[in-house]
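The values are calculated or read from the model by the stated rules, or taken from the named source; none is laboratory data. Fair warning: this is a prediction, and the values are worked out from it, not measured in the lab. Heads up, the Cβs are rebuilt from the backbone with ideal geometry, glycines too, and the neighbour counts pull from every protein chain shown. Note: accessible area is taken over every heavy atom of the protein model, side chains too, but ligands, DNA and RNA are not part of it. Shrake-Rupley method; radii C 1.70, N 1.55, O 1.52, S 1.80 Å.
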Amino acid sequence: MRQPIEKLIKQYQTNLFVTAFNICKNVEDAKDVVQDTFIAYHTSSQQFHDEQHIRAWLFRVTVNKAKDTVKSFWHRNRRPLEDYIEALPFESEEDSYLFEAVLKLPEKYRIVIHLFYYEDWSVREIAQILRISESNVKTRLSRGRTRLKNVLKEEWADDE
């Protein structure tokens with residue numbers, strides 16, 4: 001099964017961008033990753049079982065390409081995240097604040113929290129995308145929530 005790329009771009013472009021940004025922490029790199037993901041789909045001859053298989057494949061490729069980008073010399077010698085965070089659309093200031101707190105988490109927690117809460121993936125689906133066990137996903141979610149809670153507590157305490 002193959003879907004027209006135009007349909008996939010309309011359906012997944014924003015979610016893939018936010019996922020890539022979560023890893024790259026850079027708007028331009030995230031755009032490049034999404035573009036590369038769709039190019040990989042377009043040039044791939046792989047057949048997919050269903051729509052869910054295509055979705056999982058797109059997110060897996062996005063995560064891998066974003067990680068490769070972060071490892072590159074060019075990315076490691078860039079300006080700080082604060083210069084770019086304003087480019088993301090948020091419904092409220094609280095949403096922006098929470099997203100910034102998530103971005104401060106270590107990558108292994110940040111990715112599972114993003115996929116679980118922002119992209120509505122199940123624990124099983126995240127495990128398949130990241131190629132880790134379901135129990136590992138649950139552990140990372142739990143530890144990530146704990147770290148996030150501590151970060152938010154500290155920042156709220158500083159505001160008082």
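Could you sort 43-55, 112-124 so that the peptide with the highest average Cβ count within 10 Å comes first and the rest follow in order?
In descending order of packing, they fall as 112-124, 43-55.
Using only alpha carbon pairs under 8 Å that are at least six residues apart, calculate the relative contact order of the chain and give it in whole percent.
22 percent
Please get the size of the charge dipole for the chain, origin at its Cα centre, with Cβ charges of +1 on Lys and Arg and -1 on Asp and Glu, quoted in debye to the nearest 20.
Magnitude of the dipole: close to 1020 debye.
Work out from phi, with θ = phi - 60° and the Karplus expression 6.51 cos²θ - 1.76 cosθ + 1.60, the ³J(HN,Hα) of each residue of region 140-152, listed in order in whole Hz, and give x for Gly and Pro.
Once θ is set to phi - 60°, the couplings for region 140-152 become 5, 4, 4, 5, x, 4, 4, 5, 5, 4, 5, 4, 5 Hz.
Quick one: which of 97-106, 33-42 comes out on top by average Cβ neighbours within 10 Å, and what's the full order, highest first?
Packing proxy ranking, top to bottom: 33-42, 97-106.
Measuring with a 1.4 Å probe in the full set of protein chains, what accessible area per residue, in whole Å², belongs to region 1-57?
Roughly 51 Å² per residue, with all protein chains present.
Helix 51-71 versus the longest principal axis of the chain: what angle, 0 to 90°, nearest 10, using Cα atoms?
60 degrees
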